[in-house]
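Reviewing the structure listed below.
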Amino acid sequence: MMTKDQYIDSLRGLHLNLYSFGKKVENVVDNPIVRPSLNSFAATYELAEDPQYEDLMTATSNLTGKKVNRFTHLHQSTDDLIKKVKMQRLLGQKTAACFQRCVGMDAMNAVYSSTYEIDEACGTKYHENFLKFWTDVQNNDWGVDGAMTDVKGDRGLSPSKQADPDLFLHVVERTADGVYVTGAKAHQTGYLNSHYVLVMPTISMREGDEDYAISFACPTDADGITLILGRQSCDTRKTEEYNDIDVGNKVYGGHEVLVIFDRVFIPNDMIFLNGETQFAGMIVERFAGYHRQSYGGCKVGVGDVLIGATALAGDMAGSSKASHVKDKLIEMTHLNETLYCCGIACSAQGLKTRRQLHHRPAAGQCLQAERDPLPLRDRSSGTGSGRRPDGNPAVRG
């Protein structure tokens, strides 16, 4: 596993094509607007080095038998799922910010089990591809960004029916060695601090959407990728010379980028879905289930900090004994702990997929879907596409 310092040094070897305020960012690692998000990401490495957090922050790989950072671990039991939620709450408490590795962790578990079942049904080798890639991820302790959300367009039309074909990421050319993809992924948290990006479809697909049913991994600095940094509240205050006062969470933070793919080449051995439209919905729903579970940890940890800060502000203002202040603090605590209980409960009720991976149901709908034979069926519509009644099971990621 990498140490915190080794991780930061490894990012200096990337050549990200990043633009901010209309200008190329030459030094991403030390950029004052980006750096707080890097610090948050680096905390996932720092805490893994601390013996007191070893049980939560590390696990034994089912692929190599080696000790790995839990953010690269493929869940093997309900105990793994519970520890994941507890780890996320811990990091939320330590950073009071998005530490950015959750989407990649949830993406890898969704793609891991889905590729196994796709291969079962179609005779493909996507699962073999993924196992080779993820073994490298674990051995190198790479950070992986999970990319799902396309920029979309007319939500009433399928990807292949859009006026602009690039509103959803898609294959523009197929060769004997791989594919070229064009499009964009939006709202990418952690991309600048990751070594690889794991791309997934954003909605269920239907016949005619074959070029859009694509999942793959590539380096974050691959040729043809351009990044545009999104704005954050008060972000320019981090660039001011005297910024020790009134900057909020100065050390830790988050970021979002728009990731533009312009004929990016993806070799065959890095492809995990390529035209099998009937399985796009499976990846989306499994990812969504894992990511809802994640919120039972990371958001609660940040909530702990916010509740503590609110209580401290009340003490400083001399209003902590006022009944309406106490009522608000009680309500905040109640909501925070309820969310945590939901995360722990759904983890404890996790079910095995056909790959013997413990896949946790987000709700009764997902629980039933895991019991159904492939392809996943929408329980309300009876269709075979995994599509919700509105046709768009889209989630952020």
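The values are calculated or read from the model by the stated rules, or taken from the named source; none is laboratory data. This is a predicted model, so every value here is computed, not measured. For neighbour counting, all protein chains shown are included, and Cβ atoms are generated from backbone atoms with ideal geometry for every residue, glycine included.
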Discussion item. Touching a Ser or Thr at 6+ places or on another chain (Cβ under 9 Å), in a loop (DSSP other than H, G, I, E, B), free of Cβ contacts under 8 Å to residues at least 40 places away in the same chain and more than 24 Å from Ala348 (Cα to Cα): is that true of Asn27 in this structure?
Written reply: no
Worksheet entry | Residue list for the range 226-251, filter: outside any strand (DSSP E or B) and at pLDDT 95 or above | Gly230
Worksheet item: Restricting the range 30-64 to residues that are assigned to a loop (DSSP other than H, G, I, E, B) and touching a strand residue (DSSP E or B) at 6+ places or on another chain (Cβ under 9 Å), which is nearest to Phe133 (Cα to Cα)?
Response: Ser61
Item to complete: Hey, could you check the range 55-66 for residues that are of a type outside the set (Gly, Ala, Ser) and surrounded by 14 or more Cβ atoms within 10 Å (Cβ to Cβ) and say which is farthest from Tyr295 (Cα to Cα)?
Response: Leu63
Worksheet item: Could you say which residue among Thr3, Thr72, Thr78 is among the β-branched types (Val, Ile, Thr) and surrounded by 20 or more Cβ atoms within 10 Å (Cβ to Cβ)?
Response: Thr72
Discussion item. Please go through the range 96-125 and give me each residue that is over 11 Å from the mean Cα position of the chain (by Cα) and of a type in the set (Phe, Trp, Tyr), ordered by number.
Written reply: Tyr112, Tyr116
Worksheet, complete the sentence: Residue hits (the range 115-128; surrounded by 21 or more Cβ atoms within 10 Å (Cβ to Cβ) and within 13 Å of Phe216 (Cα to Cα)) are Thr115, Tyr126
